[in-house]
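*Asks:* The structure under discussion is supplied below as structure tokens; questions concerning it will follow.
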Amino acid sequence: MAETETTAALAPRLAEAIRDRLISGELKPGQRLSEAALSADFAVSRNSLREAFRLLTKDGLLQHEPNRGVFVATPSMASIIDIYRVRRLVECQALSNAYPNHPAVARMRAAVDTARAASKLNDWTAVGSENMKFHAAIVDLADSERLTSFYAQIAAELRLSFGLLKEPELLHAPYVEMNAAILEKLVAGDPKGAAAALEAYLLQSERTVLAAFSRI
């Protein structure tokens, strides 16, 4: 990321790149972020990086601790409950009104296929990343750029909540085929049934994440 723009113009794009690392699971809850390493990775100045940190701190994704540095935020129980409340409102509605031949359906299918392959290799981080892509594609079914942008913030917070589990297989393994079942209902022309299956899925997922949080 060549720094040919002003700090004010570059910071939002830089924040988005760091957010993508959160969504991919590359950055974990409580992890201290190195200014030197990230500045080198993105080929930007520390001033630009600090402005990106400020934006992400404002969004609740990072936390600044005086005299210690900047850390990836650890979700609270209240924030996890709120994330799942938003997911039910956004994802289930998008799926319920979806067109089975929408272009996003192909991305849902690709995410399921890749997750299945990764699960056979016990690569649960990759499975988690494909799960994030699957649910982002569900939101894309609504054809709303604003909703897609909003969900990127939710997705980053969601991946942080997944990072609370010490055994990612526990979280991700059951949902590979659940995603596949949701997809098949949609493709078969039953978006309402797909949405109902997703609502049950989200309730189970929420319980799993909250149980992991209670053991911290």
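*Asks:* Tell me, which helices (runs of 4 or more DSSP H) lie completely within region 143-216 with 1 or more residues that are open to solvent by 40 Å² or more (accessible area, probe 1.4 Å) and touching a Gly at 6+ places or on another chain (Cβ under 8 Å)?
*Replies:* Details: elements: 145-162, 168-187, 191-214.
Helices (runs of 4 or more DSSP H) meeting the threshold: 145-162, 168-187.
*Asks:* I'm trying to understand the selection: among the residues of region 65-77, which are out of contact with any Leu (no Cβ under 9 Å at 6 or more places or on another chain) and within 20 Å of Ile23 (Cα to Cα)?
*Replies:* Scanning region 65-77 gives a single hit, Ser76.
*Asks:* Can I ask one more? Select, from Ser144, Ser205, Ser149, Ser161, the only residue that is hydroxyl-bearing (Ser, Thr, Tyr) and more than 20 Å from Leu95 (Cβ to Cβ).
*Replies:* Of the residues listed, the single one that is hydroxyl-bearing (Ser, Thr, Tyr) and more than 20 Å from Leu95 (Cβ to Cβ) is Ser161.
*Asks:* Look at region 109-135 and say how many of its residues are without any contact (Cβ under 8 Å) to a residue 24 or more places away in the chain and either surrounded by 19 or more Cβ atoms within 10 Å (Cβ to Cβ) or assigned to a helix (DSSP H, G or I) (or both).
*Replies:* As a first pass, look at region 109-135 and keep what is without any contact (Cβ under 8 Å) to a residue 24 or more places away in the chain: 110, 113-114, 117-118, 120-121, 123, 126, 130.
This time we only want the ones that are either surrounded by 19 or more Cβ atoms within 10 Å (Cβ to Cβ) or assigned to a helix (DSSP H, G or I) (or both), so: 110, 113-114, 117-118, 120, 126, 130.
So the count comes out to 8.
The values are calculated or read from the model by the stated rules, or taken from the named source; none is laboratory data. Note that the structure is predicted; figures quoted are calculated from it, not measured. Methodologically, a virtual Cβ is constructed for each residue, glycine included, from the backbone with ideal geometry; neighbour enumeration extends over all protein chains shown. Side chains included, ligands, DNA and RNA excluded: accessible areas come from the protein's heavy atoms. Shrake-Rupley method; radii C 1.70, N 1.55, O 1.52, S 1.80 Å.
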